[in-house]
Amino acid sequence: MTFCFGYPSDLHQAYAFYCARYQNITYKEFLKLRITEFMYKLSSIPESEPLYNIMKSRIINVNDIKNKDERKHWRKLQRDNKIPDIYLSKEEIMWELSKKVKEKL
Amino acid sequence: MKYQFIQKDEDTTILKYQDKEYEIKRDVELVSKLQSVNKDARLSLYADLVKKGISKDNLVITTKKDGKTYVDNSYLDELEKQYIRDEQYNLFNELCRNYFNMSMEELVIDIGLNPDESQKFGTELGEAISGKGTPREKK
């Protein structure tokens, strides 16, 4: 999962991104945005946005990074921005686990 | 047909029955609530376990046989599933009240559905609320 609407930290980052890039609205108005419209905006998020790196850190394969310092940097980002397991379904947890195991092999 | 679900646009479905029409809108808040179900269920499970003075480990049975350790999580898994089902049901009822001003049961009675029809209706309503193409995150 690259983004979780149920995780307050993600939701707040998404709100900040929306206000910075599109229009300054209240949080209440943000929650009332149509979901498809918002997903289109989220899928074209520019690299300059902090949320971009948060989402990237969740899908990046750190072992593919050759540079040691860069690898360390992304590992830290991965740890810091991990969506708590409590939000995930059993299937998603198992999928995350198998991904981790593959990375270690 | 006693009722009809009409897709108005990507994020809006209309429930039509008798002379009534209700709009089901899918917004950021709704998806946030749907994606919080697992968390809310697990938190209330923890809270209830704490109240009863037991920990999650008490529900896991560990046995040793032929030098191997076997862990049986089935009680915990079943209990967690039950809490998630309850939480989904509570959320569904809360959403029903928001959209239709009545609970799921009241809605079924209002439309005049029999038990077989109400099961099919429940599935269709679930799809209308969560949206078939709703942003379930890609793994």
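The values are calculated or read from the model by the stated rules, or taken from the named source; none is laboratory data. Because the structure is a prediction, the values reported are computed rather than measured. In this analysis, Cβ positions are derived from the backbone assuming ideal geometry, glycine residues included, and neighbour counts consider all displayed protein chains. Note: areas computed on protein heavy atoms with side chains; ligands, DNA, RNA excluded. Shrake-Rupley method; radii C 1.70, N 1.55, O 1.52, S 1.80 Å.
Brief remarks on what is shown
- Along region B:68-83 the Karplus relation, 6.51 cos²θ - 1.76 cosθ + 1.60 evaluated at θ = phi - 60°, assigns HN-Hα couplings of 10, 9, 10, 10, 10, 9, 4, 5, 5, 4, 5, 5, 5, 4, 4, 5 Hz to successive residues, with x for each Gly and Pro.
- Sites B:TYR70 and B:LEU43 - FRET efficiency at Förster radius 45 Å, r taken between beta-carbons, to 0.05: 0.95
- Straight-line reach from A:LYS56: taking Cα to Cα under 12 Å and skipping same-chain neighbours fewer than 8 places apart, the aspartates and glutamates in range are A:GLU47.
- Net lengthening on full extension, B:ASN58/B:SER130 (0.36 nm per residue, minus Cα-Cα): 22.4 nm
- Sequence-distant aspartates and glutamates (8 or more away, or on other chains) whose Cα lies within less than 20 Å of B:LYS65: B:ASP57
- In the elastic network of chain B, a GNM with C-alpha springs shorter than 10 Å, the most mobile of B:ILE61, B:ILE84, B:ILE109 is B:ILE61.
- Region B:36-109 - convex hull of alpha carbons, volume per residue in Å³: 109
- Accessible surface comparison of B:ASP19, A:ASP69, probe 1.4 Å, protein chains only, largest first: the order is B:ASP19, A:ASP69.
- Relative intensity, log₁₀ I(q)/I(0), of region A:23-72 from a Debye sum that treats every alpha carbon as a point, q = 0.17 Å⁻¹: -0.68
- Per-residue mean of foreign Cβ neighbours for B:23-33 is 6 (Cβ atoms of other chains, 10 Å radius).
- Our summary of shape: the Cα atoms of the protein assembly as shown have principal axis extents of 66, 55, 31 Å, ordered from largest down, in whole angstrom.
- Listed residues B:GLY126, B:GLY112, B:GLY67, most fluctuating in chain B (Gaussian network, C-alpha, under 10 Å): B:GLY67
- Highest mean packing comes first when the peptides B:116-122, B:25-31, B:7-13 are listed by Cβ atoms within 10 Å, giving B:25-31, B:7-13, B:116-122.
- For the protein assembly as shown, a simple Cβ point-charge model (Lys and Arg +1, Asp and Glu -1, everything else neutral) yields a dipole of about 1380 debye relative to the Cα centre.
- Calculated FRET efficiency for the pair A:LYS72/B:GLN4, C-beta based, R₀ 45 Å, to 0.05: 0.20
- Region A:34-69 and region B:48-106: distance between their alpha carbon centers, rounded to Å: 33
- Of the trypsin sites (Lys or Arg not before Pro) found in region A:1-82, those that fall in a DSSP loop while having at most 16 other beta-carbon atoms within 10 Å are A:LYS32, A:LYS66, A:LYS82.
- Measuring max minus min along each principal axis, the C-alpha atoms of chain B give extents of 67, 34, 30 Å (largest first).
- Computed FRET value (nearest 0.05) for A:ASN24 with A:ASP64, which takes r as the C-beta separation and R₀ as 35 Å: 0.35
- Whole-Hz couplings from phi, Karplus 6.51/-1.76/1.60, listed for region A:10-22; x for Gly and Pro: 5, 4, 5, 5, 5, 5, 4, 4, 4, 5, 5, 9, 10
- Rg/Rh for region A:8-104 stands at 1.02; both radii use Cα atoms, and Rh follows the Kirkwood definition.
- Average other protein chain Cβ within 10 Å of Cβ, residues A:25-37: 4
- Helix-only [θ]222 nm of the protein assembly as shown, DSSP H runs n ≥ 4, -39500 (n - 2.57) each, per residue, nearest 500: -18000 deg cm²/dmol
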